[in-house]
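Novice: Mind looking over this structure? Questions follow.
Where a number appears in this text, it was derived from the coordinates with a stated rule and is not lab data. Only a predicted model underlies this, so the values are computations on that prediction, with no experimental measurement involved. Every residue, glycine among them, receives a Cβ derived from its backbone with ideal geometry; neighbour counts consider all protein chains shown.
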Amino acid sequence: MVDMTDNPFYEERISSNRTEALFSGFTILFFVLLVWRLSTGGLDILSAALFFIFVFFLFYSVNYRKLINRLTPETFLPKSGSFTWAIPLVNIAECRLDDLQMLMRNGGTG
């Protein structure tokens, strides 16, 4: 288990209201479609597919709400929801800012 209480000398929290709104909107849309399908067609393969898609977007809405990057003297610790990685600094060869096109700057998860 990664100890997230190490003394970080850098920490940032990144979130995107637009991405959260998109995932929340899809979650609500597929929930409404699921309820509609269950009330009109009963339990069938389409309602199971709508349930799967609803759960998928619900997971994304809750889990990827915020990205927390912590840098300690020994490790880089990115955390998103229930997922945490520990990357030893000796395994990082270089870091630099990406020079991206305008349309790609606002995409991705960090």
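Novice: Just one of (1) within 21 Å of the chain's Cα centre (by Cα); (2) part of a helix (DSSP H, G or I) trips up ARG37, so point out which.
Specialist: Of (1) within 21 Å of the chain's Cα centre (by Cα); (2) part of a helix (DSSP H, G or I), only one is false for ARG37: (1).
Novice: Here's a follow-up. Might you check whether a residue that is touching a strand residue (DSSP E or B) at 6+ places or on another chain (Cβ under 9 Å), within 26 Å of GLU94 (Cα to Cα), exposed (fewer than 14 other Cβ atoms within 10 Å of the Cβ) and not acidic (Asp, Glu) occurs anywhere in segment 48-63?
Specialist: no
Novice: Okay, moving on. When segment 73-85 is examined, which residues are found to be polar (S, T, N, Q) and in a loop (DSSP other than H, G, I, E, B)? Please lay out each step first, then the result.
Specialist: Applying the first criterion (polar (S, T, N, Q)) to segment 73-85 yields 75, 80, 82, 84.
The answer is SER82, and nothing else.
Novice: Could you check segment 41-72 and list, in sequence order, the residues that are closer than 28 Å to ASN7 by Cα and part of a helix (DSSP H, G or I)?
Specialist: VAL62, ASN63
Novice: THR75 is checked against (1) within 24 Å of ASN7 (Cα to Cα); (2) among the polar types (S, T, N, Q); (3) exposed (fewer than 13 other Cβ atoms within 10 Å of the Cβ) and fails just one. What number does that condition carry?
Specialist: Of the numbered conditions (1) within 24 Å of ASN7 (Cα to Cα); (2) among the polar types (S, T, N, Q); (3) exposed (fewer than 13 other Cβ atoms within 10 Å of the Cβ), the odd one out for THR75 is (3).
Novice: Looking at segment 64-75, which of its residues are closer than 14 Å to ARG13 by Cα and in contact with a strand residue (DSSP E or B) (Cβ under 8 Å, 6 or more places away or on another chain)?
Specialist: TYR64, LYS66, LEU67, ILE68, ASN69, ARG70, LEU71
Novice: Within segment 86-96, can one find any residue that is hydrophobic (A, V, I, L, M, F, W, C), without any contact (Cβ under 8 Å) to a residue 24 or more places away in the chain, part of a strand (DSSP E or B) and out of contact with any Pro (no Cβ under 7 Å at 6 or more places or on another chain)?
Specialist: Taking every residue of segment 86-96 in turn, at least one turns out to be hydrophobic (A, V, I, L, M, F, W, C), without any contact (Cβ under 8 Å) to a residue 24 or more places away in the chain, part of a strand (DSSP E or B) and out of contact with any Pro (no Cβ under 7 Å at 6 or more places or on another chain).
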